[in-house]
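One structure below.
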Amino acid sequence: MPDRTYYITTPIYYVNDVPHIGHAYTTIAADVAARFKRLAGYDTFFLTGTDEHGINVERVAQRNGVTPQAWTDRVAAEFRTLWEVLNISHDDFIRTTEPRHERVAAGLFQTLYDKGDIYLGKYEGWYCASCESFYLESELGPDKTCPVHTGRKTEWTAEESYLFRLSKYQDWWLRYVAEHPGSIEPEARRNEVTSFVRSGLKDLSVSRSTFTWGVPVPFDRRHVIYVWIDALTNYISALGYPDGERFARFWPASVHLVGKEIVRFHAVYWPIMLHAAGIAVPEQTFAHGWLTFGGQRFSKSLGIVIDPAALAREIAAEAGVDVPIAVDALRYFLLREIPFGADGDFNKVALVHRFNADLANDYGNLLNRTIPQVERHFGGAVPAPGPSRGNDGLLRETAASVAEELDALITRLDFSRALGEIWRLLGVANKYLDEEAPWRSIKTDPERAGTALYNTLEAVRIATVLLSPWLPTATTRVWGQLGIGSPLSSQRLDDARRWGGLAPGTRVRPGPPIFPRIEKAKDGARSPGAVKVAADVAQRSKTEEPEGTRVDNSISIDEFRKLDIRVAEVLEAARVPNTDKLIEAKIDLGGEVRTIITGLVPQYQPEELVGKRIIVLANLEPRRVRGVDSHGMLLAAEWEGQVALLTVEKNAPKGARIT
Ligand code: ME8
């Protein structure tokens, strides 16, 4: 068993609201950290769950005409389903209505009472029912409104309540945080809570007697435990406190990941309660910023609720990818775009930009630029590298330094910098490939071309291992195309630290692009019908091997050679249902059968095509059209609304290349 442990938690979410992208943001971040720490060899435990007690849940259940338990069962299931869609790898999902939790919440309350730190008193103050929290008068907004829920009035509330002696621990807390500044991050949040504690801690109301939906106070059944005290206990109840094996193994938590609005509960009340009960305090509370939409906070009352699953489906439809890949893109975007800790605005245009620029171009395209070369020139087997020269060393050193830095960056939860580092490696790899241009050197120096392809693919292997926590689906598919025998899930950070892990001779397995670019207008211009070859070449040359500055639209012979144009025979053809123009054709490229979708109706009917010798651009990146992978393009002349398929003058064999 590894000697290093890592225990990360998310807040347990209230079940009076539907899951939205704010919840997803925290949970994805925690998931990436957990996946990364597993990769780095830590014995890892990742906890999330739902906060199911309190007046708000009781009220919402009432409004919906169901019992609080029926309501919480329904919403907790929604959270679980969302986490499945988002590929969240939590080790446990705790619900505060579970007996294993209620037992521990009541037990901790009893311990604090037995120690004399909980006493019966009266609590008066400005209370926000949405936060389930009292505020000082000085903290309120205009008209005594809640500082978190803008515009919501607080109520002056006075009730008999059990109180926890928070004030007694003020000095301990200030000393502890001064000695352990890293226990609250980022620094701005530490300063904020420190000044709150310095201004004087008042004893905390920890029970309620005006409603019943909660964990009963064990020694006074007229009261239920205040929902926040109940909720915070989840972090130890899920580990089986006090004598569970998991508690011994994982406590204290490495990090409680929370939004900045609940840092006080986690970084002040919770450590004090634990300390008072004689339990070790968590190593860190990390409070990230708020995600906004058009500058406004997500909020059901404001009608701004973004369902992350619906968003993923929308991205999938626009990109022509399946939902797990869209989920990867969302996971990537949220953690790349906004420095973790700061506030950030969610913006779909920026997401599409990142999808195209980072995922499709920088990462995905690296594979599309290498694997077909290995196929064509090395029979599909990864070539062995020859002697090192030129920028080989730079590529290797960049990979080593990136792999070396990542664990520390993830410990600091600096996701955007960690991704920036991986993109530094991808940037060097792309530049290396541009400069080496193996598609050119293959003619003059095949050994060098092989070395360049090997080194680029090795950089892809390392980047793929490092990216796997962010992009669990895409990296698995890239791994599949690399053809490496042992599964990606068996890889460790050490495998990314070692150059040369890709065994020469490994048989690559080409597949469709994993991140096809999201085109704004997916209409005639890009539809795979009759085509203008030159226009398409110009378009490809923008995204692929750029070679020097071009003054007009002429292309070099090397660019032309990149086009794999071949003779093929149409084996079968049929109309694509519910379309005006499209035909699905099966073609034989000389041993290789492909499917191509082409827009030739009404100029051609499917049956006319069968048996024809046609000309096909074979290395056009595959695209999904109407749910079918179309791989290649039929070439045709087009004029004044007419179309004529290209063919060969003599009976050239299927597969013959056009040069
Ligand atoms: O506070 N931006 O639950 P909750 C970023 N049950 N993160 C956001 C967000 C946004 N706009 N909206 C929500 C509770 N979050 C308590 C927690 S823990 C012992 C009890 C995330 O359902 C963020 O992590 O209101 C925030 O702290 C949490 O959801 C609040 O979830």
Legend entry - Rounded to 10°, Cα long-axis angle of helix 392-411 versus longest principal axis of the chain: 20
Legend entry - Net charge over other residues, Cβ less than 14 angstrom from the Cβ of A568 (K, R count +1; D, E count -1): +2
Legend entry - Low-density loop cleavage sites - trypsin sites (Lys or Arg not before Pro) in region 442-518, where at most 16 other Cβ are within 10 Å (DSSP): R492, R498
Legend entry - the chain: angle of helix 323-337 to the longest principal axis, Cα-based, in degrees nearest 10: 70
Inset, instruction - Please tell me the relative contact order of the chain in percent, rounded to the nearest whole number, where contacts are Cα pairs under 8 Å and at least six residues apart. - result: 11
Inset, instruction - Please report how far the C-alpha centroid of region 580-617 lies from that of region 1-29, rounded to the nearest whole angstrom. - result: 50
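Under the rule that an exposed site lies in a DSSP loop and has at most 16 other Cβ atoms within 10 Å, name the longest stretch of the chain with no GluC sites (Glu not before Pro) of that kind, not counting the sites themselves.
After excluding every exposed loop site, the longest remaining stretch is 1-282.
Could you tell me whether region 564-645 comes out rounded, prolate or oblate from its Cα gyration tensor? Rule is a ≥ b ≥ c as square roots of the eigenvalues, rounded for a/c under 1.5, then prolate if a/b exceeds b/c, otherwise oblate.
Since a/c stays below 1.5, the shape of region 564-645 is classed as rounded.
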Inset, instruction - Can you find, among Y127, A474, V57, the residue farthest towards the positive end of the dipole of the chain? Put +1 on the C-beta of Lys and Arg, -1 on that of Asp and Glu. - result: A474
Legend entry - Amide hydrogen neighbours beyond the local backbone of G141, cut-off 5 Å, H modeled: C146
Inset, instruction - Enumerate the calculated ³J(HN,Hα) couplings along region 102-117 in order (Karplus 6.51 cos²θ - 1.76 cosθ + 1.60, θ = phi - 60°), each rounded to whole Hz, writing x wherever the residue is Gly or Pro. - result: 4, 4, 6, 4, 5, x, 5, 4, 4, 4, 5, 5, 4, 7, x, 8
Legend entry - Placed amide H near A656: partners under 5 Å, 5+ positions off or other chain: V567
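Residues with beta-carbon under 15 Å from that of G501, excluding G501: net charge, scoring Lys, Arg +1 and Asp, Glu -1?
Net of charged neighbours comes to +2.
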Legend entry - region 5-297: C-alpha gyration tensor shape, a/c 1.5 cut-off, then a/b vs b/c: rounded
Legend entry - Nonlocal amide H pairs with S161, under 5 Å, H built at 1.01 Å: G121, K122, Y123
Legend entry - Under 12 Å, Cβ to Cβ, from E458 - net charge with Lys/Arg +1 and Asp/Glu -1: +1
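Filter the cross-link list K562/K654; K122/K202; K348/K431; K586/K612; K122/K260; K581/K654 down to pairs whose alpha-carbon distance in this structure exceeds 23 Å.
K348/K431; K122/K260; K581/K654
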Legend entry - Helix 472-482 axis, angle to the chain major axis (alpha carbon atoms, nearest 10°): 30
Legend entry - From phi via Karplus (6.51, -1.76, 1.60), per-residue ³J(HN,Hα) for region 588-603 in Hz, x at Gly/Pro: 10, 9, x, x, 10, 9, 10, 10, 10, 9, 9, x, 10, 6, x, 4
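Read the figures in this text as sums done on the coordinates, not as results from a lab. Keep in mind that what you see is a predicted model, and the values were worked out from it rather than measured. A quick note on method: Cβ atoms are made from the backbone with ideal geometry, for glycine too, and the neighbour counts reach across all protein chains shown.
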